[in-house]
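Report on the following structure.
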Amino acid sequence: PELYQMRGKKPKANKDIKLTAGALDALHDLAGEGWEKTQAAVASRATATDWAEKLLADFKLDHGQSIATLFSYREIYEGNKRKHLQRIREASGVAYCDMIFFDDYTENLGDAAHLGVMGVHCPRGLTHEHWEGV
């Protein structure tokens, strides 16, 4: 389930919320050699910021590294993706045309496209094919 579907609970990583195989592929790549100059970010409209941050800290890669360490920028609060991406650009200095944004919600992809960010529609979550396709 998505975080918003867990209202009233305190979700636990790998129990209540699980990462897709494609997301794990991407995270392992980002943690590996050749990706050191890549800046990764999280843009979430989660209203439960503390839960989202705890999940990022609690999800671990095979070698024990928290996935939170992979994200230089975290924009987790209510609001549209345009605002999230604008703040990421301001903080990172990365041009919109050099960003890739993965999302399951087409409205969010529209916000990204409006700014010139390449969006990848992932209706069932990030898959290996989505990740390898970019």
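The values are calculated or read from the model by the stated rules, or taken from the named source; none is laboratory data. The structure displayed is predicted, hence computed values, not measured ones. Virtual Cβ from ideal backbone geometry, glycine too; neighbours counted across all protein chains shown. Ligands, DNA and RNA are excluded from the accessible area calculation, which covers all protein heavy atoms including side chains. Shrake-Rupley method; radii C 1.70, N 1.55, O 1.52, S 1.80 Å.
At a glance:
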| quantity | calculated |
| --- | --- |
| Neighbours by Cβ (under 8 Å, 6+ apart or cross-chain): first from region 9-23, farther than 12 Å from ASP58 by Cβ; second open to solvent by 50 Å² or more (accessible area, probe 1.4 Å) | THR20/ARG124; ALA21/HIS128; GLY22/HIS128; GLY22/GLU129 |
| Within region 70-107, tally of residues that are of a type outside the set (A, V, I, L, M), without any contact (Cβ under 8 Å) to a residue 40 or more places away in the chain and part of a helix (DSSP H, G or I) | 12 |
| Hits in region 23-69 - residues which are in contact with a Gly (Cβ under 7 Å, 6 or more places away or on another chain) and either more than 22 Å from ILE88 (Cα to Cα) or outside any loop (DSSP other than H, G, I, E, B) (or both) | ALA23 |
| Residue count, region 68-94 (criterion: open to solvent by less than 40 Å² (accessible area, probe 1.4 Å) and in contact with a Lys or Arg (Cβ under 7 Å, 6 or more places away or on another chain)) | 2 |
| Which numbered condition LEU61 fails, given (1) closer than 19 Å to TRP131 by Cα; (2) touching a strand residue (DSSP E or B) at 6+ places or on another chain (Cβ under 9 Å) | (2) |
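Okay, residues lined up against (1) under 15 Å from the mean Cα position of the chain (by Cα); (2) among the hydrophobic types (A, V, I, L, M, F, W, C); (3) modelled with pLDDT of 90 or more:
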| site | (1), (2), (3) |
| --- | --- |
| GLY8 | no, no, no |
| PRO11 | no, no, no |
| ALA21 | yes, yes, yes |
| HIS28 | yes, no, yes |
| GLU36 | no, no, yes |
| ALA43 | yes, yes, yes |
| ALA57 | yes, yes, yes |
